[in-house]
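One structure is given below, encoded as structure tokens.
The values are calculated or read from the model by the stated rules, or taken from the named source; none is laboratory data. As the structure is a prediction and not an experimental result, all values here were calculated from the model. Cβ placement follows ideal geometry from the backbone for every residue including glycine, while neighbour counts extend to all protein chains displayed. Just so you know, the surface numbers come from the protein's heavy atoms only, side chains and all, with ligands and any DNA or RNA stripped out. Shrake-Rupley method; radii C 1.70, N 1.55, O 1.52, S 1.80 Å.
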Amino acid sequence: QVQLVESGGGLVQAGGSLRLSCAASGIAFRLYVMGWYRQAPGKEYELVVTITRDGTTNYANSNKGRFTISRDNAQNTVYLQMNSLEPEDTAAYSCNAKLNSVNFWGKGTLVTVSS
């Protein structure tokens with residue numbers, strides 16, 4: 001059974017930081033492209049960042065320089081360090097694991113940034 005379990009969300013003031021984690025089980029984690037996506041209230045899902053199995057990253061322009069993704073293949077975990085958070089970053093953040101046409105999603109963790 002595949003599980004992606006996110007943690008680390010919460011309420012933070014603008015300018016603050018949060019670190020999200022996504023622990024994966026039931027997949028050959030090291031082979032998957034891992035990613036973070038988010039959905040703000042009333043908006044569509046959008047890419048935050050992805051990281052390939054060799055560590056190549058692809059950031060959305062809105063968070064370049066503020067967010068950092070990393071992966072620990074030994075722990076089957078992907079992280080998202082978010083700094084200089086803005087109210088516009090308020091969203092449900094979901095973890096994604098992709099390998100070719102196969103996609104798995106976590107249930108998400110809520111990030112709320114107050115002004």
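How about the range 2-31: which of its residues are on the phi > 0 side of the Ramachandran plot and exposed (fewer than 12 other Cβ atoms within 10 Å of the Cβ)?
Gly15
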Residues of the range 31-46 being within 19 Å of Ser84 (Cβ to Cβ) and either free of Cβ contacts under 8 Å to residues at least 24 places away in the same chain or out of contact with any strand residue (DSSP E or B) (no Cβ under 7 Å at 6 or more places or on another chain) (or both), which ones? Glu46
Does any residue of the range 17-33 turn out to be in contact with a Ser or Thr (Cβ under 6 Å, 6 or more places away or on another chain) and small (Gly, Ala, Ser)? yes
Only one of Ala28, Ala74, Ala14 that is out of contact with any strand residue (DSSP E or B) (no Cβ under 9 Å at 6 or more places or on another chain), among the aliphatic types (A, V, I, L, M) and more than 17 Å from Ser94 (Cβ to Cβ): Ala74
In the range 32-43, anything assigned to a strand (DSSP E or B) and open to solvent by 60 Å² or more (accessible area, probe 1.4 Å) is listed as Gln39
Within the bounds of the range 29-37, is there any residue that is modelled with pLDDT of 95 or more and either of a type in the set (S, T, N, Q) or in contact with a Gly (Cβ under 7 Å, 6 or more places away or on another chain) (or both)? no
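Return yes when Val113 is within 24 Å of Gly15 (Cβ to Cβ), open to solvent by less than 40 Å² (accessible area, probe 1.4 Å) and touching a Pro at 6+ places or on another chain (Cβ under 8 Å) and no when it is not. Write out each step before concluding.
Details: within 24 Å of Gly15 (Cβ to Cβ): yes; open to solvent by less than 40 Å² (accessible area, probe 1.4 Å): yes; touching a Pro at 6+ places or on another chain (Cβ under 8 Å): yes.
So Val113 passes the test.
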Answer residue from the range 91-106, given it is on the phi < 0 side of the Ramachandran plot and open to solvent by 30 Å² or more (accessible area, probe 1.4 Å) and is farthest from the chain's Cα centre (by Cα) among those: Ser101
Considering only the range 47-71, how many residues are over 20 Å from Ser17 (Cα atoms), open to solvent by 70 Å² or more (accessible area, probe 1.4 Å) and in contact with a strand residue (DSSP E or B) (Cβ under 8 Å, 6 or more places away or on another chain)? 2
